[in-house]
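Q: If you scroll down you'll find the structure; I have some questions about it.
The values are calculated or read from the model by the stated rules, or taken from the named source; none is laboratory data. No experiment lies behind these values; they were computed from the predicted model shown. We place every Cβ from the backbone using ideal geometry, glycine too, and count neighbours over all the protein chains shown. For the accessible areas, the whole protein counts, side chains as well, though only heavy atoms, and no ligand, DNA or RNA atoms are used. Shrake-Rupley method; radii C 1.70, N 1.55, O 1.52, S 1.80 Å.
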Amino acid sequence: MIIIKSPREVELIHEAGLIIAKVFKGLETFIKPGISTYDISKFCEEIIRSNDAYPTCLNYEGFPGAVCVSVNDTLIHGIPSRKEILKAGDVVSVDLGVTKKGYIADAARTYLVGEVKEEIKRLVEVTKQAFFEGLAQVKPGNHVGDISHAIESYYKKFGYSSPKDFTGHGVGLSFHEDPYIPNQGVAGTGVKLREGMTLAIEPMICLGSSEYKVLGDGWTIKMRDKLATAHYENTVVVTADGAKILTMEDEHGQE
Ligand code: MF3
Ligand code: CO
């Protein structure tokens, strides 16, 4: 069931989303070689709680961390660990939900740790641009398939891949709501977009093959070819004439 949000509800999701924007801003200078993925999680959790909000990932279906921290060949759902220390050349994705006054926003960013190889920098840039290609399709009357198709055709130009099992989703009253938003699809198909839908659009992109395995912890998604990955996600609302980003300071994504 798709839940259309009222303007007031969108405002509350935006409030949660702006806390995520604050976390991301802080991470830009916090992330450096030598810190652990647990340090990142603590840093995020402190900002979230000091804004009278709750880290949505914590205990979500049993997830044992406040946020997901995924390094290099871990695509998503990395569990923060004191033993996993970042080193120069790594890429680290931080994916978090924030619940404020019962309303939820969800977003992810991928950070470069120290100097990183050109091919990985490009992967991170393309993953971000794939989100904006999808976003450009968000307006009433377009379909979910238009978003999916735009994302897929963009990352495929670079020879990248994305496992079909992981998708974007509706968000707001729950962490994961209908409709699901695949990172590949056919234009003009799927659910029709309507004003007031709130959507998490999230390209999860692999440098190599989309073959993955789930680690024994039941969460960590790692690429079988051990090549790097990137993740970029925002929560957006469908407006009368397009979309507004709810997890950035600027609603059109200017930084
Ligand atoms: N934030 C993730 C998403 O983009 C969900 C994380 S699942 C969790 O959908 F269990 F780790 F929280
Ligand atoms: Co999400």
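Q: Can you tell me which condition residue 172 does not meet? The list is (1) away from ligand 1 (no atom under 12 Å from the Cβ); (2) free of Cβ contacts under 8 Å to residues at least 60 places away in the same chain, and all the others hold.
A: Every listed condition holds for residue 172 apart from (2).
Q: Mind counting the residues in region 92-119 that are hydrophobic (A, V, I, L, M, F, W, C), over 18 Å from residue 26 (Cβ atoms) and either surrounded by 24 or more Cβ atoms within 10 Å (Cβ to Cβ) or under 18 Å from the mean Cα position of the chain (by Cα) (or both)?
A: 1
Q: Which residue out of 188, 172 is in contact with a strand residue (DSSP E or B) (Cβ under 7 Å, 6 or more places away or on another chain), on the phi > 0 side of the Ramachandran plot and within 16 Å of ligand 2 (Cβ to nearest atom)?
A: Numbers: 188 fails: within 16 Å of ligand 2 (Cβ to nearest atom).
The match here is 172.
Q: Identify, please: which residue in region 78-107 is within 15 Å of residue 203 (Cα to Cα) and touching a Ser or Thr at 6+ places or on another chain (Cβ under 6 Å) and is, among those, nearest to ligand 1 (Cβ to nearest atom)?
A: So, considering only residues that are within 15 Å of residue 203 (Cα to Cα) and touching a Ser or Thr at 6+ places or on another chain (Cβ under 6 Å), the one nearest to ligand 1 (Cβ to nearest atom) is 106.
Q: Counting only residues that are open to solvent by 60 Å² or more (accessible area, probe 1.4 Å), within 23 Å of residue 85 (Cα to Cα) and touching a strand residue (DSSP E or B) at 6+ places or on another chain (Cβ under 7 Å), how many does region 29-56 have?
A: Residues that pass the stated criteria total 0.
Q: Of the numbered conditions (1) more than 16 Å from ligand 2 (Cβ to nearest atom); (2) within 26 Å of residue 149 (Cβ to Cβ); (3) out of contact with any helix residue (DSSP H, G or I) (no Cβ under 8 Å at 6 or more places or on another chain), residue 118 satisfies every one except a single condition; which is it?
A: Result: residue 118 passes all but (2).
Q: If we keep just the residues of region 138-149 that are closer than 18 Å to residue 252 by Cβ and either free of Cβ contacts under 8 Å to residues at least 24 places away in the same chain or surrounded by 22 or more Cβ atoms within 10 Å (Cβ to Cβ) (or both), which is farthest from the chain's Cα centre (by Cα)?
A: Looking at the filtered set, the residue picked out is 138.
Q: Counting only residues that are open to solvent by less than 40 Å² (accessible area, probe 1.4 Å) and near ligand 1 (Cβ under 9 Å from one of its atoms), how many does region 59-77 have?
A: 5
Q: Within region 77-93, is even one residue within 16 Å of ligand 2 (Cβ to nearest atom) and among the β-branched types (Val, Ile, Thr)?
A: No, region 77-93 contains no residue that is within 16 Å of ligand 2 (Cβ to nearest atom) and among the β-branched types (Val, Ile, Thr).
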